[in-house]
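For reference, the structure I am asking about is given below.
Nothing in this text is a laboratory measurement; each read-out follows from the coordinates by a stated rule. Since we're looking at a predicted model, the values are computed, not measured. Neighbour counts are summed over all protein chains in view; Cβ atoms, including those assigned to glycine, are modelled from backbone coordinates with ideal geometry.
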Amino acid sequence: MQNIKHVVIACAGYGSRLGLDMPKCMVKLGGRTLLSYILEIVKDIEDIRIVVGFKEEMVEAEAKRINPNVVIVRNPDYRTTTNAYSCYLASKDLKEPFIIVDGDMIIDKLDFAKFLETIDGNASIVGICKSKTTDAVFVNLDGNGNVIEFQRERPQEYEWCGICYLKNIKIHIDGRYVFDEIIPHLPLPTFEFKCFEIDTPADLEIALANFYKLNY
Amino acid sequence: MKTAFCFDLDGTITHSEVLPFLAREINLFDEMEALTMATICGHLPFDKSFKLRVRILNTIPISRVRSIIETIPLHKKVVDFLREHREQCFIVTGNLDVWINALAEKIGIEAFSSKADFDGDRLLGVKHILNKGDAVDEVRSRGFDRIVGIGDGMGDVPMFAKSNVGIAYGGIHDPAKTLIENSDFIVYSENSLCRTLNTLL
């Protein structure tokens, strides 16, 4: 845990498939925003960086209300850029390893605490979860549970969940996906999360139904 | 990469806006505060508002203003950063040279400021109002290839426009909306400001 100085929370995107007129991290679950749950689990990390774009004022006000010590990173080009570009903006000046978390998910609180404990600073760690959909980015594991491949064609037991600890892995300005940047560094150890990403109204239903299991 | 940091003074280095702080002396704090906030938000153009505010304050002798300004509370961690990196830090303020030079000397860094017209201890008016963008050009001409601007108000927009990185600081009040639109980072506390500055060294 002493090795983790920075966390990047990517909250810039539209969330067009959800059909709500707000950034996905502002969606409420159990009366609170997704962002408030993420800020709760990362609260002991010194440098919390939130990338904002779509309806940035909403996210800024919520972040400031919860933790005035956060750093807001602006991605005014969120309409034409990728999630990886948002992560590039927030991480390009960092000299130490950092964690990336997607802002549109709800993560088991105890799992995340265990993840922080697991990080020993020796290697990057790739967050995975049990596969829930067919259009996921699947991870192929070797016998030791290390990721050896990311791919979309052949369904696997696990998928990439948008959480990672990156040591000596840079996100480039023209990166398409965060997992693309990880590929040259494989194989890498994994950590399994219980988590729910919220892309569609159906995802939101599933998250609501399972929320009670996430230790909040 | 050689990086320079250009800091707004009021509300960024100091803990409160300087002119309302001075106006206490002549019992016009609320009036000055209202004018100052309207200027920060861009409801009044800086040059006109500044001349007006200087006119209100010019009954106070310059030496008195300097000694009041020396007592103004500062953001301690920001000042520590300035002192540790004094070769690459600059104050860029629309405030008057005769008022703020002593404070800049006390901190120990160079200041770009507006210029006063004065006669001994008496302030006559404003001779030149600093365009903060010009100050960035001057700093860049000294061989810095990345300029980081730090500020909170409308007056800092020209500084951000010429800088490579803009940090909108909302420590005292929310940064001006237009400044936010021209910024790369927004921070709301002294700690997060200094943390961000350190990543940019």
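Express the relative contact order of the range A:104-196 as a whole percentage, based on alpha carbon pairs under 8 Å and six or more residues apart in sequence. Intermediate values should be presented prior to the final figure.
Values: 158 pairs, mean separation 38.3, N = 93.
With pairs under 8 Å counted, the relative contact order is 41 percent.
Then there's this: In percent, how large is the relative contact order of chain B, given Cα pairs closer than 8 Å and 6 or more residues apart? Each step should come with its number before you reach the end.
On the way: 365 pairs, mean separation 50.5, N = 201.
Across chain B, relative contact order equals 25 percent.
Another one. At a Förster radius of 51 Å, what calculated FRET efficiency corresponds to the Cβ-Cβ distance of residue B:25 and residue A:185, to the nearest 0.05?
Values: r = 62 Å, r/R0 = 1.22.
Approximately 0.25, to the nearest 0.05.
Shifting gears a bit: May I have the count of lysine pairs in the range A:78-168 with C-alpha atoms under 18 Å apart, counting pairs 8 or more residues apart or located on different chains?
4
While we're looking at this one, here's another question. Taking Cα centroids, how far is the range A:137-197 from the range A:25-80 in Å?
24 Å
Over the Cα atoms of the protein assembly as shown, what Rg and Dmax result, in angstrom?
Calculated on Cα positions, Rg and Dmax stand at 24.6, 84 Å.
Report the Cys residues of chain A lacking a disulfide-compatible partner, meaning no second Cys Cβ under 4.7 Å from their Cβ.
A:87, A:164, A:195 - these cysteines have no disulfide-compatible partner (Cβ-Cβ under 4.7 Å) in chain A.
In terms of the ratio Rg/(2.2 N^0.38 Å) built on C-alpha atoms, what value belongs to the range A:65-137?
On the way: Rg = 14.8 Å, N = 73, 2.2 N^0.38 = 11.2 Å.
For the range A:65-137, the normalised Cα radius of gyration is 1.32.
I would also like to ask the following. In peptide A:86-95, how many Cβ atoms from other protein chains are near each Cβ within 10 Å, on average?
Details: counts 0, 0, 0, 2, 1, 1, 1, 8, 1, 3.
For this peptide, the per-residue mean of nearby foreign Cβ atoms is 2.
Let me ask something else about it. Considering the Cα trace of the range B:17-131, what is its radius of gyration and what is Dmax, both in angstroms?
For the range B:17-131, the Cα radius of gyration and maximum Cα-Cα distance read 14.0, 39 Å.
Give me the net charge of residue A:189's neighbourhood, meaning all other residues with Cβ under 13 Å from the Cβ of residue A:189; Lys, Arg count +1, Asp, Glu -1.
Details: positive: A:167; negative: A:120, A:142, A:192.
Summing Lys/Arg as +1 and Asp/Glu as -1 gives -2.
How many percent of Cα pairs in chain A exceed 23 Å?
On the way: 9774 of 23220 pairs.
Cα-Cα pairs in chain A separated by more than 23 Å: 42 percent.
Relative contact order of the range A:25-123: what whole-number percent is it, with Cα pairs under 8 angstrom and at least 6 residues apart? Write down the numbers at each step before the final one.
Numbers: 83 pairs, mean separation 30.7, N = 99.
After rounding, I find 31 percent.
Mind checking B:189-201 for the average number of partner chain beta-carbons within 10 Å of each residue's beta-carbon? The partial results should precede the final answer.
Values: counts 6, 1, 5, 10, 1, 0, 8, 6, 0, 3, 11, 1, 2.
Across the residues of B:189-201, the mean count of other-chain Cβ atoms within 10 Å is 4.
Rank by packing, highest mean first: peptides A:46-52, A:62-68, A:152-158, A:88-94, with packing defined as the count of other Cβ atoms within 10 Å averaged across residues. Present the calculation step by step, with values, prior to reporting the outcome.
Working: A:46-52: 24.7, A:62-68: 18.3, A:152-158: 12.0, A:88-94: 20.3.
The most tightly packed comes first, giving A:46-52, A:88-94, A:62-68, A:152-158.
If you average the C-alpha positions of the range B:136-161 and of the range B:43-71 separately, how far apart do those two centres end up, in angstrom?
Centre-to-centre distance over Cα atoms comes out at 24 Å.
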